[in-house]
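The values are calculated or read from the model by the stated rules, or taken from the named source; none is laboratory data. Because the structure is a prediction, the values reported are computed rather than measured. Cβ atoms come from the backbone with ideal geometry, glycine included; neighbour counts cover every protein chain shown. We work out accessible area using only protein heavy atoms, side chains counted, and drop any ligands, DNA or RNA first. Shrake-Rupley method; radii C 1.70, N 1.55, O 1.52, S 1.80 Å.
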Amino acid sequence: MSDSLPTTPDAVRKQAALANNRRRRKTRSATRQWRRRGLMGAYILFVLLPIYWLLNMSFQSNNEILGGLTLWPQDFTFEHYAKIFTDSSWYMGYINSIAYVVMNMLISISVALPAAYAFSRYKFIGDKHLFFWLLTNMMAPPAVFLLPYFQLYYTVGLFDTHVAVALAHCLFNIPLAVWILEGFMSSVPKEIDETAFVDGYSFPRFFVKIFIPMISSGIGVTLFFLFMFSWVELLLASTLTSTGAQPIGSVMTQTKGASGIDWGALAAAGTLTILPGIMVVYFVRNHIAKGFALGRT
């Protein structure tokens with residue numbers, strides 16, 4: 001009986017109104033979906049356009065780059081990439097950058113893991129003040145510490161070394177690592193520590209075998225941020241080095257010669273500079289996704 005056709009005018013009008021409302025809702029839902037897709041497509045195009053243009057310039061000759069606007073290379077060439085891989089002043093910049101970035105990541109995570117564990121598990125006088133003081137180091141611009149670092153490293157013989165840049169970046173990366181890791185460690189119940197100690201685990205064995213695997217997502221997120229800051233930071237890296245440990249960012253600022261700026265080589269160097277970041281994101285993508293969902297970030 002409920003599926004029978006309406007027989008009264010009021011019932012017919014009511015059913016027609018309900019059907020009309022359903023059609024309107026479907027139309028609005030489809031419109032919103034296409035609008036979201038359009039906005040997402042425009043955003044992706046806006047983000048990827050500079051990267052495509054950089055890649056496009058890296059395969060063009062300097063005459064073509066300066067000659068006019070072209071959407072793709074008319075005279076495709078690998079000369080700029082060949083120059084980077086054969087000229088020591090170029091490829092050593094990448095080696096130097098990777099060297100001090102890896103050193104900084106190892107030093108920062110080694111110091112931050114026990115420090116974050118202490119902040120998450122123990123209460124002591126001034127613990128919150130000390131934690132806040134660590135965060136204040138991130139609020140100061142690198143230029144504030146530039147002169148003290150330069151004079152100190154020059155005096156002790158660390159100037160123009162990879163260790164100098166790695167240690168200088170620790171001033172900002174260690175507080176960041178402690179802040180992120182403390183959030184992940186605080187989410188792990190303390191009963192796990194107590195159970196492990198009752199079962200006869202020593203603290204180093206418990207920390208390495210049980211605790212670190214439980215916060216692996218947090219470590220992945222932390223390493224991602226440590227890499228990003230140290231890789232893109234230029235002021236300290238270029239000031240505390242001269243020739244022996246000069247980073248690629250500093251080398252890229254010295255492309256101007258007698259014939260002008262080598263735009264093609266600069267574009268090729270910029271393209272290669274993006275690749276390490278893409279590789280890092282690819283390998284830790286699962287940890288980053290879990291970390292943003294679970295941790296402090």
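At-a-glance table
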quantity: Residue match in region 149-157 (condition: of a type outside the set (S, T, Y), touching a residue at least 24 places away in the same chain (Cβ under 8 Å), open to solvent by less than 10 Å² (accessible area, probe 1.4 Å) and in the same structural domain as Y282 (by TED's automatic domain parsing)); calculated: no
quantity: Verdict on A116 being at pLDDT 90 or above, part of a helix (DSSP H, G or I), of a type in the set (A, V, I, L, M, F, W, C) and within 17 Å of T222 (Cα to Cα); calculated: yes
quantity: Residue count, region 51-71 (criterion: farther than 17 Å from D262 by Cα and surrounded by 10 or more Cβ atoms within 10 Å (Cβ to Cβ)); calculated: 3
quantity: Count of region 80-101 residues which are touching a residue at least 40 places away in the same chain (Cβ under 8 Å) and either exposed (fewer than 15 other Cβ atoms within 10 Å of the Cβ) or farther than 15 Å from L266 by Cβ (or both); calculated: 8
quantity: Test: residue in region 181-192 that is within 29 Å of P276 (Cα to Cα), of a type in the set (D, E) and out of contact with any Gly (no Cβ under 8 Å at 6 or more places or on another chain); calculated: yes
quantity: Candidate set: region 239-284, residues that are of a type in the set (S, T, Y) and open to solvent by less than 40 Å² (accessible area, probe 1.4 Å); chosen: the one nearest to V221 (Cα to Cα); calculated: T273
quantity: Residue among F197, F227 that alone is in contact (Cβ under 8 Å) with a residue 12 or more places away in the chain and either under 26 Å from P114 (Cα atoms) or not assigned by TED's automatic domain parsing to the domain that holds L146 (or both); calculated: F227
quantity: Region 102-131, subset closer than 18 Å to V163 by Cβ and out of contact with any Cys (no Cβ under 9 Å at 6 or more places or on another chain), residue surrounded by the most Cβ atoms within 10 Å (Cβ to Cβ); calculated: M105
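Residue by residue, here is whether (1) in contact (Cβ under 8 Å) with a residue 40 or more places away in the chain; (2) under 18 Å from P50 (Cβ atoms) holds:
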| position | (1), (2) |
| --- | --- |
| L235 | yes, no |
| T241 | yes, no |
| G270 | yes, yes |
| M279 | no, no |
| N286 | yes, no |
